[in-house]
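The structure appears below as structure tokens.
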Amino acid sequence: MNKVYNPTTIAAPVGAYSHAVEIAPGARTLFISGQVGVTPDGKTGVGITAQAEAVWGNIVGILKAAGMDVRDLVKVNILLVNPDDIAPSRAVRNRFLGDHKPASTLAVISRLAAPEYLIEIEAVAAKA
């Protein structure tokens, strides 16, 4: 089982994440490339909610193929191109992750690889 660290000697996390996650000895590690809001049929979702749902659906599909699930996520990096999309993307994230809180980074950047992409998420998962 992976171990979460949120020491009381530093400020508590300000969102649904943990300050650090230690991977269990001997765990399998899965590195998930940045996923964008493209559905399995190759279509890009319209709007941040549709794209975030597609991204998280892709991540869940990759985890499932590897014999893992969202509780095995230890690190998530979220890239957005619009600061107004933070709240709706967090809402989708929370629906997919529930009470699971991997280490996380959220950045708002000027653009992604294609102008229609509003969100990209890369992740690391580990399972003993």
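Every number here is computed from the coordinates shown, using simple stated rules; none is lab data. These figures come from a predicted structure and were not determined experimentally. Note that each Cβ is placed from the backbone with ideal geometry, even for glycine, and that neighbours are counted across all protein chains shown.
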I'd like the full set of residues that are loosely packed, with under 11 Cβ neighbours inside 10 Å, aliphatic (A, V, I, L, M) and in contact with a strand residue (DSSP E or B) (Cβ under 7 Å, 6 or more places away or on another chain), limited to the range 74-111. 107, 109
If you go through 119, 59, the only one that is within 19 Å of residue 23 (Cβ to Cβ) and touching a helix residue (DSSP H, G or I) at 6+ places or on another chain (Cβ under 9 Å) is 59
Looking only at the range 22-30, decide whether some residue is assigned to a loop (DSSP other than H, G, I, E, B), more than 23 Å from residue 91 (Cβ to Cβ) and acidic (Asp, Glu). no
Residues to consider are 114, 52; find the one that is over 30 Å from residue 12 (Cβ atoms) and in contact (Cβ under 8 Å) with a residue 40 or more places away in the chain. 114
Among the residues of the range 2-17, what is the count of those that are within 14 Å of residue 72 (Cβ to Cβ) and surrounded by 14 or more Cβ atoms within 10 Å (Cβ to Cβ)? 2
Residue selected from the range 76-121 under the condition among the basic types (Lys, Arg) and over 22 Å from residue 29 (Cβ atoms), by the criterion nearest to the chain's Cα centre (by Cα): 90
Kindly indicate whether residue 28 is closer than 21 Å to residue 128 by Cα, surrounded by fewer than 18 Cβ atoms within 10 Å (Cβ to Cβ) and in contact with a Gly (Cβ under 9 Å, 6 or more places away or on another chain). yes
